[in-house]
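Before any comments, here is the structure.
The values are calculated or read from the model by the stated rules, or taken from the named source; none is laboratory data. What you see is a predicted model, and the numbers here were worked out from it, not measured in a lab. For neighbour counting, all protein chains shown are included, and Cβ atoms are generated from backbone atoms with ideal geometry for every residue, glycine included. These area figures cover heavy atoms from the full protein model, side chains too; ligands, DNA and RNA do not enter into them. Shrake-Rupley method; radii C 1.70, N 1.55, O 1.52, S 1.80 Å.
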Amino acid sequence: MQSCHTSVSADGYVFEGHIPAKLIRQFLRNPPAGARGLAVPAMPLGSPGMEVGDRFTPYKVLQLNRDGSTSVYANIDHFEQQH
């Protein structure tokens with residue numbers, strides 16, 4: 001799940017990669033049971049901080065679970081879904 005940016009919240013949740021801020025806020029307001037944080041592996045074109053004109057690559061925001069598994073927290077299929 002490694003990417004280029006890592007953050008840890010005051011409550012110990014981990015956020016890795018170019019995750020839309022609205023999803024981080026949503027996660028922190030209501031953390032899923034057993035969740036450890038969120039990740040966007042790699043650096044998808046068009047994700048926050050990776051904008052290149054109107055180019056966009058759909059990507060998944062993954063939920064990192066305490067048991068070591070992952071699940072899809074959100075599918076970002078269009079640029080507008082990030083805001």
Practice prompt. Could you run through the range 50-67 and say how many residues are over 16 Å from Pro20 (Cβ atoms), modelled with pLDDT of 95 or more and among the basic types (Lys, Arg)?
Written response: 1
Worksheet entry | Sole exception among (1) over 14 Å from Gln81 (Cα atoms); (2) surrounded by 16 or more Cβ atoms within 10 Å (Cβ to Cβ); (3) without any contact (Cβ under 8 Å) to a residue 24 or more places away in the chain; (4) not basic (Lys, Arg) for Asp11, by number | (2)
Item to complete: Out of the residues in the range 51-74 that are without any contact (Cβ under 8 Å) to a residue 24 or more places away in the chain and under 10 Å from the mean Cα position of the chain (by Cα), state the one that is most open to solvent (accessible area, probe 1.4 Å).
Response: Lys60
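Yes or no: the range 15-29 includes at least one residue that is in contact with a strand residue (DSSP E or B) (Cβ under 8 Å, 6 or more places away or on another chain), open to solvent by 40 Å² or more (accessible area, probe 1.4 Å), among the aliphatic types (A, V, I, L, M) and closer than 17 Å to Gln82 by Cβ.
Start the filter on the range 15-29 by keeping residues that are in contact with a strand residue (DSSP E or B) (Cβ under 8 Å, 6 or more places away or on another chain), which leaves 15-20, 23-24, 27.
Then keep just the ones that are open to solvent by 40 Å² or more (accessible area, probe 1.4 Å); that gives 24.
Filter once more, so that each one left must be among the aliphatic types (A, V, I, L, M): 24.
Then drop every residue that is not closer than 17 Å to Gln82 by Cβ, which leaves 24.
Looking through the range 15-29, at least one residue is in contact with a strand residue (DSSP E or B) (Cβ under 8 Å, 6 or more places away or on another chain), open to solvent by 40 Å² or more (accessible area, probe 1.4 Å), among the aliphatic types (A, V, I, L, M) and closer than 17 Å to Gln82 by Cβ.
Give the residue that is farthest from Ser71 (Cα to Cα), with candidates limited to residues of the range 27-44 that are touching a Leu at 6+ places or on another chain (Cβ under 8 Å) and modelled with pLDDT of 95 or more. Show your work before the answer.
Restricting attention to the range 27-44, the residues satisfying the condition of being touching a Leu at 6+ places or on another chain (Cβ under 8 Å) are 27, 35-41.
Still in the list and also modelled with pLDDT of 95 or more: 27, 35-40.
Details: Phe27: 14, Ala35: 10, Arg36: 11, Gly37: 11, Leu38: 10, Ala39: 10, Val40: 12 Å.
So the residue we want is Phe27.
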Worksheet item: Which ones in the range 31-74 are part of a loop (DSSP other than H, G, I, E, B) and aromatic (Phe, Trp, Tyr)?
Response: Phe56
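Select from the range 53-62 the residues that are out of contact with any Leu (no Cβ under 6 Å at 6 or more places or on another chain) and not charged (D, E, K, R) and list them in ascending order. So that I can check it myself, show each step before the final result.
Of the range 53-62, the ones out of contact with any Leu (no Cβ under 6 Å at 6 or more places or on another chain) are 53-54, 56, 58-60, 62.
Residues satisfying the conditions are Gly53, Phe56, Pro58, Tyr59, Leu62.
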